[in-house]
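A.B. asks: The following block contains the structure, expressed as structure tokens.
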């Protein structure tokens, strides 16, 4: 493989736009991008010099390495619809999928792999500091690991059998975190507090927590009543949640129990703390029912 091979994209969403610009900035030729939406392909093509919006086959023909940046469900269809070349690199950017959907490309003699940014692309962002989950072999593996380092990230080999759990971890860190903060807003507003101030307060404390986790680790950064064995405050929470948001009781219960385990791992003084009897009162309709 060349030191600076031409890279094309099939799929023209946010990921393609971010990667195309990053690769072009590093000096990689990005000659072509394809998409079911001509407008999307043209938008990504306009982000880098000398790039054209073309068909998937033309994109594959124009590059030594092709990144498939479609939705997960379309990866196999793209792989089956293009006539690949022997020795060509064909890479998808899915976190959950193994290389199996790229079997038609492998059968044609192409080298296949996956290169997944462990990052959210909901808005403008950077690739610096991002971990890239990689599955590939031989020269393509070496190239993808080098590419991750070149964009300022960290390469991580993720074997096929680990990819589903690896991707679940990414969803816990991003999508489900968003859901959790959304439920924090639910409690805030049902307490009668100003809705317009909810996310200002919630995202500020969440950002501080993430900074502490990054600096000290999850066990040390853990705060809250379960981190100090304060079952009285947990009971106050349960009474209030049951009153205004009973649908959140199971979620609160599970997070509390997981937090106690994390506190134990950190050596906090909660060794004898057992919240299950307290939770059982609420599960059985007691405590103010």
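Every number here is computed from the coordinates shown, using simple stated rules; none is lab data. As the structure is a prediction and not an experimental result, all values here were calculated from the model. Quick reminder, even Gly has a Cβ in these numbers, built from the backbone with ideal geometry, and neighbours come from all protein chains shown.
A.B. asks: So what's the projected area for region 175-224, the Cα convex hull averaged over all directions, in nm²? Walk me through the numbers on the way to the answer.
C.D. replies: On the way: hull surface 15.1 nm².
Average of the hull's projected areas for region 175-224 equals 3.8 nm².
A.B. asks: Restricting the calculation to Cα positions, tell me the Rg (one decimal) and the Dmax (whole number) of region 49-100 in Å.
C.D. replies: 11.2, 33
A.B. asks: Compute and list, largest first, the equivalent-ellipsoid semi-axes of region 145-194 from the alpha carbon gyration tensor, each √(5λ) rounded to a whole angstrom. Display every interim value, and only then the final one.
C.D. replies: On the way: eigenvalues 261, 45, 3 Å².
Working through the eigenvalues yields semi-axes of 36, 15, 4 Å.
A.B. asks: How would 279, 143 line up from fewest to most surrounding beta-carbon atoms within 10 angstrom? If you can, show how the numbers build up before the last one.
C.D. replies: On the way: 279 20, 143 23.
Listed from fewest to most nearby Cβ atoms, that is 279, 143.
A.B. asks: I need the Kirkwood Rh of region 4-69: take the reciprocal of the average 1/r across all distinct C-alpha pairs and report it in angstrom.
C.D. replies: Numbers: mean 1/r = 0.0921 Å⁻¹.
About 10.9 Å, per the Kirkwood formula over Cα pairs.
A.B. asks: Once the Cα atoms of helix 138-150 and of the chain are each reduced to a long axis, what angle between those two axes, in degrees from 0 to 90 to the nearest 10, is obtained?
C.D. replies: With both axes taken from Cα atoms, the answer is about 60 degrees.
A.B. asks: Regarding region 7-162, what's the average projected area of the Cα-atom convex hull, expressed in nm²? Please list the in-between numbers first.
C.D. replies: Working: hull surface 31.7 nm².
So the mean shadow area of the Cα hull is 7.9 nm².
A.B. asks: Is it possible to state the helix-based mean residue ellipticity at 222 nm for the chain, with each DSSP H run of 4+ residues giving -39500 (n - 2.57), the sum divided by total residues, to the nearest 500 deg cm²/dmol? What is it?
C.D. replies: On the way: 13 runs with 143 residues, N = 289.
That calculation yields -15000 deg cm²/dmol at 222 nm.
A.B. asks: Could I ask something else about it? Viscosity 0.692 mPa s, temperature 37 °C: what is the translational diffusion coefficient of region 1-40 from Stokes-Einstein with a Kirkwood Rh over Cα pairs, rounded to a whole number of µm²/s?
C.D. replies: Using the Kirkwood radius from Cα pairs, D works out to 312 µm²/s.
A.B. asks: Give me the percent of Cα-Cα pairs in region 188-252 that sit more than 14 Å apart, rounded to a whole number. Intermediate values should be presented prior to the final figure.
C.D. replies: Values: 1452 of 2080 pairs.
Within region 188-252, distances greater than 14 Å cover 70 percent of Cα pairs.
A.B. asks: Now a separate question. At q = 0.19 Å⁻¹, what log₁₀ I(q)/I(0) does a Debye calculation on the Cα points of region 172-283 give, no solvent, two decimals?
C.D. replies: Debye output, listed in q order: -1.16.
A.B. asks: Bin by bin, in steps of 5 Å, what percent of the Cα pairs in the chain do you find, going until the bin that has the longest distance?
C.D. replies: The calculated distribution, bin by bin, is 1, 5, 10, 13, 14, 12, 9, 8, 8, 8, 6, 4, 2, 0, 0.
A.B. asks: Something else now. Using only the alpha-carbon atoms, how far is helix 14-25 inclined from the longest principal axis of the chain? Give it as 0 to 90 degrees, nearest 10.
C.D. replies: So the helix axis and the longest Cα principal axis differ by about 60 degrees.
A.B. asks: Right, another one. Compute the long axis of helix 231-244 from its Cα atoms, compare it with the longest principal axis of the Cα atoms of the chain, and write down the angle in degrees, 0 to 90, nearest 10.
C.D. replies: 80 degrees
A.B. asks: Express in nm, to one decimal, how much length is gained between residue 239 and residue 255 on full extension, taking 0.36 nm for each residue of separation and deducting their alpha carbon distance. Walk me through the intermediate numbers first.
C.D. replies: Details: separation 16, 0.36 × 16 = 5.76 nm, distance 1.62 nm.
Length gained between residue 239 and residue 255: 4.1 nm.
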